[in-house]
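All of the numbers you see were taken from the coordinates with simple rules; none came from a lab. Computed from a prediction, not measured in an experiment: that's the story for all the values here.
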Amino acid sequence: MNHFRQTGVWGAMRKTTLLTAGTLLTLAAPARTLAQSAAAEAAYNPNAESPFVRLIRPDRPGQTITTNMLYPGQFQLETGLTRYGTGGNARYAGRQVWGSTLRVGFFNHIELRATQNYLRLPVGGNRRLTEGPAAPFTGPAGFAPLNVGAKFLVSNVQNARSQIVVLLDMNLRNGDASFADKQLEPGARLLLSQQLGQRFGLEGNFGFRQQGFKAEGTKQGQYLTTLALNGPLGAGTHFGFLAETYATWQRQRGWQPGLTSGLFYRPLPGLRLDVTAGHGLTPAAGGFNIGAGLSARLGK
């Protein structure tokens, strides 16, 4: 009797185990198929070998941040010096700004980034306010508040011909004590790009930054829109160009449009040198500015 009971229980357990295993295999098959399809779609991207994708695309110069995202394990350093003219009411009028950005490729189509600007003192460290002797300079100088952020891929496939990326970032409250009224300043941008042919690209940004997290901080917030075209100067050359138009809007200052143009040289796929020039289109948008910089990418 006990033998038949044990046999019956064992048979029931075997049937239950087989049914459970079969159910799990049945459920796993579609999931595995979907995962394989997604992996195959990501792996099979003919556009990944196009020069527009393969060659380095930095977020400098200009106002436009590219949709380019680094792969996991890649690092990219972008640094440069910009000299702003004294004309207009630009934030850095008559100053020199050294800006550097470190970008790191992360997993799950995420890129981490940090930007640090260094505002140099005016030549001589003084400024003339009246007809008398020059007064000591009292404006901000040194390291500005650090900006940290991350890019998130919205498109289905990285480095497709049409790309959509979201950038979330924030200005911190560190930096030199001469930068007054420091507070957390969150910002967000929608980054769009459309590849033209194999080498040219049209990229645009739509963004917003506000002071603090309270509702009244939006009154001092700033909107940004940009449109940039870049590509080589000719077939088989290492030289290329950048042409950009942009505009910022703030409640107190209104619209402040401007233009940026530049040339770059890429001796290697992961190395780029650039020179730029820009000008505001209204007195409030700032005067003439020139700059030069270097961008280098490490990792495969």
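Of note:
- Size descriptors for the stretch 51-298: radius of gyration and Dmax over Cα atoms are 18.5, 64 Å.
- Note: relative contact order over the stretch 51-298, using C-alpha pairs below 8 Å and six or more positions apart, is 20 percent.
- Each part gets one Cα centre, and for the stretch 179-219 versus the stretch 234-298 those centres are 16 Å apart.
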